[in-house]
Amino acid sequence: MCHLTAERERRIMTTASQTFEESAFTQNPLDTLEEIIGANDWSFERASNEEMLAEVAGRWCSYRLFFFWQEEISAMQFSCQFDLKVPEKKRRDVAELLGIINERMWLGHFDVDSEELTPMFRHTTLLRGAQAASQEQLEDLVDIALTECERFYPAFQFILVGRQERQRGGLRRDPWTPSAKPDALRPMPA
């Protein structure tokens with residue numbers, strides 16, 4: 001068992017609080033995201049210095065991108081919300097689907113917003129100790145989210161309405177097969 005002396009514990013805590021104070025000066029990634037989103041001609045609203053919402057038309061539906069910056073901990077929470085509602089009678093099926101999908105995820109995860117009952121991709125990026133998130137990192141985050149949403153949208157659609165469509169012969173595509181990748185995120189001009 002490791003026992004810290006009072007002096008050593010005080011030095012560790014002082015160093016940790018200095019590091020935390022220094023990290024509070026991380027550049028707000030929403031500033032860079034605003035430029036990226038503008039360069040892609042996506043509509044957006046910057047509600048405050050800590051919140052931004054953008055809308056993007058995908059192949060299957062429109063997606064709402066939410067960005068929340070928490071300067072105190074130098075973290076940015078990001079979600080990409082589908083334009084689908086999960087009815088009460090389908091929640092169990094969607095929960096099972098979420099488990100299957102999340103096993104296949106490398107970055108982020110899918111869940112259902114408890115208030116709006118909509119599926120969404122979520123990821124939190126920690127930036128403590130970094131001066132800023134790079135433009136490339138933020139472009140990749142958005143591109144990965146949109147790609148994964150487009151990849152798994154047919155599975156959600158199948159669970160929510162597909163079984164009835166399949167019985168009527170309307171849904172012929174395998175919902176697990178990825179469709180064509182959405183238009184790539186246009187990098188900002190250098």
Evaluate the stretch 104-119: report whether one residue or more is in contact with a His (Cβ under 8 Å, 6 or more places away or on another chain), part of a strand (DSSP E or B) and touching a residue at least 12 places away in the same chain (Cβ under 8 Å). yes
Only one of Arg59, Arg91, Arg46 is surrounded by fewer than 16 Cβ atoms within 10 Å (Cβ to Cβ), of a type in the set (Lys, Arg) and without any contact (Cβ under 8 Å) to a residue 60 or more places away in the chain. Can you tell me which? Arg91
For the stretch 67-78, indicate whether the set of residues that are more than 27 Å from Pro119 (Cβ to Cβ), modelled with pLDDT of 70 or more and out of contact with any helix residue (DSSP H, G or I) (no Cβ under 6 Å at 6 or more places or on another chain) is non-empty. yes
Given Gly99, Gly129, which one is assigned to a loop (DSSP other than H, G, I, E, B) and either touching a residue at least 24 places away in the same chain (Cβ under 8 Å) or not acidic (Asp, Glu) (or both)? Gly129
Hey, could you check the stretch 100-156 for residues that are over 16 Å from Gln27 (Cβ atoms), over 9 Å from the mean Cα position of the chain (by Cα) and basic (Lys, Arg) and say which is surrounded by the fewest Cβ atoms within 10 Å (Cβ to Cβ)? Arg104
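The values are calculated or read from the model by the stated rules, or taken from the named source; none is laboratory data. The structure presented is a predicted model; accordingly, all values stated were derived computationally and were not measured. Cβ sites come from the backbone with ideal geometry, for glycine too, and all protein chains shown count toward neighbours.
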